[in-house]
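Structure first, commentary second.
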Amino acid sequence: MYHSATPNLKAPFPGTVDVRLQSPANSVSYSSWGTVPTPPPAVRSPPIYPASFGSPPPSCNGIPSLHPSLHPPAHLLAYDIRLPPPPITDIAFKPLLTKTCVSVKDQREFTFNVENLNGVTVQDILNIIFVRLQAPMTRFDVSRLPLEEKASAQDSFHSRTAHDPREYAQGMKSLDRLSGKFRFIGLVPSPNTPGVWEILFA
């Protein structure tokens, strides 16, 4: 099941993509990290990190430290990228960054620039991952994949949509190239490209 190609929509979006994202009112806040300016939040209780979870490692060698929800194994976030991300408007890095670049590990064509002049938030990063990996794949996109990767993506698509006719009707998506690995487990600095964070899935 594929989408027909159109002039203005292509996946998997080569190169980088700049985004500026707004955080919704019903945001979750981790007060020790701070948040960017947002409308008054709806009444809800934020998740609490147990003391046993600890803190992310301090900033070192010019690499900023990550918010706990982005630090591997990110098990308390438990984010499934097939679903819209949770509204966590805390800043993502200390010291604060107004722009950064994230890239799916071993899939460098999925590389996205994230920018927020008030400071990149956790939700900014999760939003761009969700939006770009939800992008439909055209028949041409699929035809360009190596045979083994194509078979894996097709298997992932059929497994993902087996019990959801509406999702099946939307066709293959970029996330099907992840071979069924839909759980976000965090970011790590790229060992090869300074300033880029690799996205890990399981």
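The values are calculated or read from the model by the stated rules, or taken from the named source; none is laboratory data. Model, not experiment: these values are computed from the prediction. Cβ coordinates were reconstructed from backbone atoms using ideal geometry, including for glycine residues, and neighbour counts include every protein chain displayed.
So the values come out like this:
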| quantity | calculated |
| --- | --- |
| Among the candidates L175, L200, L187, residue that is touching a residue at least 24 places away in the same chain (Cβ under 8 Å) and not in a strand (DSSP E or B) | L175 |
| Residue check, N113 part of a loop (DSSP other than H, G, I, E, B), within 21 Å of the chain's Cα centre (by Cα) and modelled with pLDDT of 90 or more | no |
| Pick from the stretch 124-159, criterion of a type in the set (V, I, T) and more than 13 Å from L178 (Cβ to Cβ), ranking: surrounded by the fewest Cβ atoms within 10 Å (Cβ to Cβ) | V131 |
| Pick from the stretch 89-109, criterion charged (D, E, K, R) and surrounded by fewer than 19 Cβ atoms within 10 Å (Cβ to Cβ), ranking: modelled with the lowest pLDDT | R108 |
| Complete set of residues in the stretch 138-172 that are in contact (Cβ under 8 Å) with a residue 60 or more places away in the chain and within 27 Å of L70 (Cβ to Cβ) | R160 |
| Single unsatisfied condition, P72 versus (1) outside any helix (DSSP H, G or I); (2) surrounded by 15 or more Cβ atoms within 10 Å (Cβ to Cβ) | (2) |
| Selected residue (criterion: surrounded by the fewest Cβ atoms within 10 Å (Cβ to Cβ)) from residues of the stretch 160-172 that are among the charged types (D, E, K, R) and not in a loop (DSSP other than H, G, I, E, B) | R166 |
